[in-house]
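What follows is one structure encoded as structure tokens, with my remarks underneath.
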Amino acid sequence: MHENMALCCSHACPQYLLHMANENVDFRLPEIKALLSLRNRSFDTPQTFEENSPFWQLNGLTEDDIRSVMSRTVCAKSAFELWGHGSTADELKNSLLEYPSEYMAPYLQKNSTYKINVYTFNKTLDFTHRIEKIEALAFLPFEGKVNLKDPEHIFCLLEDYSSDPNDIPEEPFHIYFGKWIADGQRELIRSYSVKKRHFIGNTSMDACLSFIMANHAKVKANDLVYDPFVGTGSLLMASSHFGAYVCGTDIDYNTIHGIGKASRKNQKWRGPDENIRANLRQYGSEHLYMDVMVSDASKPVWRRKALFDAIITDPPYGIRESTRRTGSHKDIIKPPDDFSGESHIPVSMAYHLSDMFADLLNFAAHHLVLGGRLVYWLPIYRPEYSEEMVPLHPCLTLISNCEQTLSSHTSRRLVTMEKSKEPEDSDRLTHLADPRFTPYQGHNSFREKYFSGLTKKNGKNTTVTTGNED
């Protein structure tokens, strides 16, 4: 890695620049790292790297690596081959003049066409100022013709005016210039929008987060992906977009079968073809749909072997959807007064969050292939949060833990884990020797803490609306 950095710093190999979207900031780094690891590449940046910056310089990669990342990412807007950069216009000019001419030459030929775009982060420039900045690049030996509509080559001047909208400097904090390579897949957020889907529910996951989860899980073509709390199948749709075979289970019979009350405004009941299969058919991936079935996550129906390449899920937190499992009256020590005899009919019982997450991690340890990933949402009461609250398992390695704020007092964290070893009998006793593997019981009161926060501050609701719990 250090050799790659030295070579790139001396212009012996190209550097690349990612222009990151300024949303879901906490999720960006794990996504890019996961996509690079699909090509067995590491995330290598200069020592000046700042995760919250909208511009990331990457070393030690090829253009094919960058194109592969951009073909999947929803956190990056565009990627460029970086020709030069600096904190002032003079520094940028000197950097560009030092860039190897053999790298520039193929894109500056007389018979070529090009255009130069100007992008500014956290500041708006009028047309006149943009033209002035382009004309200041006249020292570059462009010999081709300008073509604004359909150029062969696109170049971009990118200026970073920091991220504080209340303190915008007169001059940019940093300036970059490079050749455009590819855009990310931000259009998937629009095309897979919940509003456009044939089948939705009250808790359908929004498209952006669904694709982020699939990328964190390193879902790829021909993988088998499973969602044990499948809901309306948002995560199956994102996974199938990347070519994976998908399946899922849910305890809610009506959701699985697409019957009952509709979630859309001005529609009372769901139609005859509103189901998960119809959603995958809508986006051309029905052939990757294995099936879904009604099942209780606390009582897995799968045979005990490694089956899945990835498990991606959003368990219910008890806010919009109840946390339920099946049980029996036999489980109740004191039966109800009006109960007589025995019943084989299962009843709905509370499913504590601590038990739910312990079951989920244990299921992943037994049913993921080695190297397979578990990606799930963990609800958090922020005033009490510490990293010790994140459930652990001796067979799973924690990869990332990203926060999405829901309100002033609650958030949910996207936890990514990778299976690093096969389960052993001794793992069942690990929690006795190491308290890190003991389930955190505080999750069980999340619902009460969530609603208690809503009634504070004179009863004003401070919750941020999001697409949740699918």
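Structure notes:
- Leading residue by the ranking (farthest from Arg412 (Cα to Cα)) among those in region 29-52 that are open to solvent by less than 20 Å² (accessible area, probe 1.4 Å) and in contact (Cβ under 8 Å) with a residue 40 or more places away in the chain: Asp44
- Meets criteria (assigned by the TED database to the domain that holds Lys419 and surrounded by fewer than 18 Cβ atoms within 10 Å (Cβ to Cβ)) for Ala310: no
- The numbered conditions (1) buried (at least 16 other Cβ atoms within 10 Å of the Cβ); (2) at pLDDT 90 or above; (3) under 14 Å from Pro228 (Cα atoms) are all true for Leu288 except (3).
- Of Ile175, Ile134, all but one fail to be touching a Ser or Thr at 6+ places or on another chain (Cβ under 8 Å), of a type in the set (Val, Ile, Thr) and modelled with pLDDT of 95 or more; the exception is Ile175.
- Taking each residue of region 299-312 that is more than 15 Å from Gly372 (Cβ to Cβ) and looking for partners that are open to solvent by 10 Å² or more (accessible area, probe 1.4 Å) with beta-carbon atoms closer than 7 Å, six or more apart or interchain, yields Lys299/Thr326; Pro300/Phe363; Val301/Ser295; Arg304/His366.
- The set of residues in region 378-405 that are charged (D, E, K, R) and over 19 Å from the mean Cα position of the chain (by Cα) comprises Arg382, Glu384, Glu387, Glu388.
- For region 424-459, a residue qualifies if it is among the β-branched types (Val, Ile, Thr) and at pLDDT below 70, and exactly one does: Thr455.
- Scanning region 9-28 for residues that are free of Cβ contacts under 8 Å to residues at least 60 places away in the same chain and touching a strand residue (DSSP E or B) at 6+ places or on another chain (Cβ under 8 Å) returns Met20, Arg28.
- The single condition from (1) among the charged types (D, E, K, R); (2) modelled with pLDDT of 90 or more; (3) out of contact with any His (no Cβ under 9 Å at 6 or more places or on another chain) that Arg373 fails is (3).
- Between Ser420, Ser426, the distinction of being out of contact with any strand residue (DSSP E or B) (no Cβ under 8 Å at 6 or more places or on another chain), in the same structural domain as Ser239 (by the TED database) and closer than 30 Å to Leu307 by Cβ belongs to Ser426 only.
- Of all positions in region 228-249, at least one carries a residue that is part of a loop (DSSP other than H, G, I, E, B), closer than 18 Å to Arg72 by Cα and in contact with an Asp or Glu (Cβ under 7 Å, 6 or more places away or on another chain).
- Within region 218-268, if we keep just the residues that are free of Cβ contacts under 8 Å to residues at least 40 places away in the same chain and polar (S, T, N, Q), the residue that is farthest from Thr313 (Cα to Cα) turns out to be Asn266.
- Filter pass, Ser400 being among the polar types (S, T, N, Q), in contact with a helix residue (DSSP H, G or I) (Cβ under 6 Å, 6 or more places away or on another chain), crowded, with 17+ Cβ neighbours inside 10 Å and without any contact (Cβ under 8 Å) to a residue 60 or more places away in the chain: no
- In region 85-107, residue most open to solvent (accessible area, probe 1.4 Å) [restricted to those that are of a type in the set (Gly, Ala, Ser) and within 19 Å of Gly144 (Cβ to Cβ)]: Ser101
- Residues that are outside any loop (DSSP other than H, G, I, E, B) and either touching an Asp or Glu at 6+ places or on another chain (Cβ under 7 Å) or open to solvent by less than 50 Å² (accessible area, probe 1.4 Å) (or both), drawn from region 120-132: Thr120, Phe121
- Residues of region 135-165 satisfying the condition of being over 13 Å from Leu108 (Cα atoms) and either basic (Lys, Arg) or within 29 Å of the chain's Cα centre (by Cα) (or both): Lys149, Cys156, Leu157, Leu158, Glu159, Asp160, Tyr161, Ser162, Ser163, Asp164, Pro165
- Some residue of region 225-244 being open to solvent by 40 Å² or more (accessible area, probe 1.4 Å) and either under 14 Å from the mean Cα position of the chain (by Cα) or not assigned by the TED database to the domain that holds Glu102 (or both): yes
- Complete set of residues in region 168-193 that are open to solvent by less than 40 Å² (accessible area, probe 1.4 Å) and either under 23 Å from Gln404 (Cβ atoms) or part of a helix (DSSP H, G or I) (or both): Gly184, Gln185, Leu188, Ser191, Tyr192, Ser193
- Test: residue in region 108-115 that is within 35 Å of the chain's Cα centre (by Cα), open to solvent by 20 Å² or more (accessible area, probe 1.4 Å) and at pLDDT 95 or above: yes
- Looking only at residues of region 250-265 that are in a helix (DSSP H, G or I) and open to solvent by less than 30 Å² (accessible area, probe 1.4 Å), we find that the one that is farthest from Ile311 (Cα to Cα) is Thr255.
- Hits in region 56-72 (condition: touching a helix residue (DSSP H, G or I) at 6+ places or on another chain (Cβ under 6 Å) and open to solvent by less than 10 Å² (accessible area, probe 1.4 Å)): Asn59, Val69
The values are calculated or read from the model by the stated rules, or taken from the named source; none is laboratory data. Here the structure is a predicted model, which means the values were calculated and not measured. Neighbour counts are summed over all protein chains in view; Cβ atoms, including those assigned to glycine, are modelled from backbone coordinates with ideal geometry. Surface accessibility is based on the protein's heavy atoms, side chains included, excluding ligands, DNA and RNA. Shrake-Rupley method; radii C 1.70, N 1.55, O 1.52, S 1.80 Å.
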